[in-house]
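Data block below; observations after.
The values are calculated or read from the model by the stated rules, or taken from the named source; none is laboratory data. None of these values were measured; they are calculated from a predicted model. Glycine also receives a Cβ, built like all others from the backbone with ideal geometry; neighbour counts cover every protein chain displayed.
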Amino acid sequence: MRTELLTGPVDGLDEALAAVDGFDEALVAGLLRPAPAHAAGLAALADAVAGSPLAARLAEAAERTAAGAAGEDDFVALAAARTALLGSVHDALVARAEEAVGRNRAEEAPGAVAGVEPAVNLLAAARSWLCDLARAGWQGIDHELVGGAAPVVSAMLPELSLRRLATLLDGFAAELAASCPGATLERVPVRRWADLWSRAMLLTVPGASGSADVTEVTGRLLPLGVDVQEHATAVQAQVHAVFEPADGGPARLVRAGVSAPKPDTVVGAGLWQLLRPHMSLLTAVGEGRAMEVDAMPLTGEGDLMWDDGRARSGEPADIFTTARVALPAAVACATAPLDRHPARIAVPVLLEGYAVDTAEDDGTVAFQVAGERLAVDTGRVPAAGPLTPDAVAGSGACFGLLRWNAGEFLIQPLAVERTVRKKPVAVHAGAWAGGTTDKAGVRAEKAATDAVTVLRERAGRLLRK
């Protein structure tokens, strides 16, 4: 692995991010009457895309916005330019990461399939609310303004084609409502809220959320690791794997995800109880087995639309054997245009032969790989498995996801290999996905069972009343 490529500068990266930051700061104060400094940020965004097809349209939008006369189309253009800049950052960083690991990627982005034309009036209502947000700015939000999203979301949810945008608006509005009034905020999540605003704004354009191109695939699925993402009211597990087509075609890197709502009392290994019934792949991961899939839908971005009826358990498959043998030849799928963002970078990688540096003051961990320091994000190690920061610090091999955050590449561990009594022992985040005999895991599962039982009884009483 050429780790020097991960620590060296990327041409144009700082300039692109600076242009994005200038626009994001303008959103904090609002675009109704931008101050001179914020007008300069708008002009910088226009300059950053001067050599692109957006140039003329964005120059016009930036000028009108700076004068306080922007319309909805102008805000859409600004969101498009910001998204395009972050997309260029994503592409440059992914190219650098995949050069470092020596992996190929599909050249063409997946196409979109035209679906049912969504209700244009609902898209217009959502766009109007987002424009009101932009004019007020994050410092100008209040409960009345944020509450304007509720009727739009309620009208969208029954429409399947609008479910994606409705979910985004609902979560965004909830975050804003929890921060009202904006005038009293001590800290504003500038990049995050601008990301959500831009994404939502582009999804209000008819046709932007067209269905991804889907094909049916048959072959063997070799799991690599599980990325668990937990929030107070929801949990998601995303399995990263190598897919080997039955027709002998090139192996591909794919993902399969499952999510579920959850009460905030269900934590740790108890999360698997909520996810396990919806995807048999989790059981295979926990048991260390491959899966045979038959005509399983696969999107052009590499996401399996999992169907238990099209999969069966296969032979034993060790994660580190797969990472050493099958991963190097696997081809990564392209990323859809609207999904190109630095936060989406997650490049599967196997690291071996590194030294471990553990800071004495705060316990942060880093790997020394080929003479270069690579930070380790142990904060993303989930409590739903036996993998711990101590296990990472004592490892000799690590499979994880190469990510980019706060200006640097870092590794998110999904599995490590340690030497115990002179024998290699694998510890991975999804080890308890299919059930466990581990004492800590059993206790967590029992606590989750008790919590869910109590909640169901209370819900039943409420419904009977």
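Listed residues Ala451, Ala444, Ala433, Ala459; which is at pLDDT below 90 and either in contact with a Phe, Trp or Tyr (Cβ under 7 Å, 6 or more places away or on another chain) or assigned by TED's automatic domain parsing to the domain that holds Asp227 (or both)? Spell out how you get there, then give the answer.
Numbers: Ala451 fails: either in contact with a Phe, Trp or Tyr (Cβ under 7 Å, 6 or more places away or on another chain) or assigned by TED's automatic domain parsing to the domain that holds Asp227 (or both); Ala444 fails: either in contact with a Phe, Trp or Tyr (Cβ under 7 Å, 6 or more places away or on another chain) or assigned by TED's automatic domain parsing to the domain that holds Asp227 (or both); Ala459 fails: either in contact with a Phe, Trp or Tyr (Cβ under 7 Å, 6 or more places away or on another chain) or assigned by TED's automatic domain parsing to the domain that holds Asp227 (or both).
On inspection, the qualifying residue turns out to be Ala433.
Considering region 66-84 alone, what residues qualify as being more than 25 Å from Pro342 (Cβ to Cβ) and surrounded by 21 or more Cβ atoms within 10 Å (Cβ to Cβ)?
Filtering region 66-84 down to residues more than 25 Å from Pro342 (Cβ to Cβ) leaves 66-74.
Once the filter is applied, which keeps residues that are more than 25 Å from Pro342 (Cβ to Cβ) and surrounded by 21 or more Cβ atoms within 10 Å (Cβ to Cβ), region 66-84 yields Ala66, Ala70, Asp74.
Checking Gly379 against (1) closer than 18 Å to Glu417 by Cα; (2) of a type outside the set (A, V, I, L, M, F, W, C); (3) without any contact (Cβ under 8 Å) to a residue 12 or more places away in the chain: exactly one of these is not met. Which one?
In the conditions (1) closer than 18 Å to Glu417 by Cα; (2) of a type outside the set (A, V, I, L, M, F, W, C); (3) without any contact (Cβ under 8 Å) to a residue 12 or more places away in the chain, Gly379 misses (1) alone.
Name the single residue, out of those in region 16-34 being at pLDDT below 95 and surrounded by fewer than 16 Cβ atoms within 10 Å (Cβ to Cβ), that is farthest from the chain's Cα centre (by Cα).
Out of the qualifying residues, it is Arg33.
Can you name the residue in region 230-239 that is in contact with a Gly (Cβ under 9 Å, 6 or more places away or on another chain) and surrounded by fewer than 22 Cβ atoms within 10 Å (Cβ to Cβ) and, of all such residues, is nearest to Asp170 (Cα to Cα)?
Applying the first criterion (in contact with a Gly (Cβ under 9 Å, 6 or more places away or on another chain)) to region 230-239 yields 236-239.
Now drop any that are not surrounded by fewer than 22 Cβ atoms within 10 Å (Cβ to Cβ), which leaves 236, 238.
Values: Gln236: 18, Gln238: 23 Å.
Per the stated criteria, the residue is Gln236.
For region 415-457, which positions are surrounded by 14 or more Cβ atoms within 10 Å (Cβ to Cβ), closer than 16 Å to Gly394 by Cβ and β-branched (Val, Ile, Thr)?
Result: Val416, Val427.
Quick one: how many residues across region 179-193 are in a helix (DSSP H, G or I) and farther than 17 Å from Ala149 by Cα?
The first filter runs over region 179-193 and keeps only residues in a helix (DSSP H, G or I), leaving 182-184, 190-193.
Okay, now just the ones that are also farther than 17 Å from Ala149 by Cα, so 183-184, 190-192.
So the count comes out to 5.
Being among the charged types (D, E, K, R), under 20 Å from the mean Cα position of the chain (by Cα) and farther than 20 Å from Gly225 by Cβ is the filter here; which residues of region 287-339 pass it?
First pass over region 287-339, keeping only residues among the charged types (D, E, K, R): 287, 289, 292, 294, 301, 303, 307-308, 310, 312, 315, 318, 324, 339.
Filter once more, keeping what is under 20 Å from the mean Cα position of the chain (by Cα): 301, 303, 339.
Matches in region 287-339: Asp339 only.
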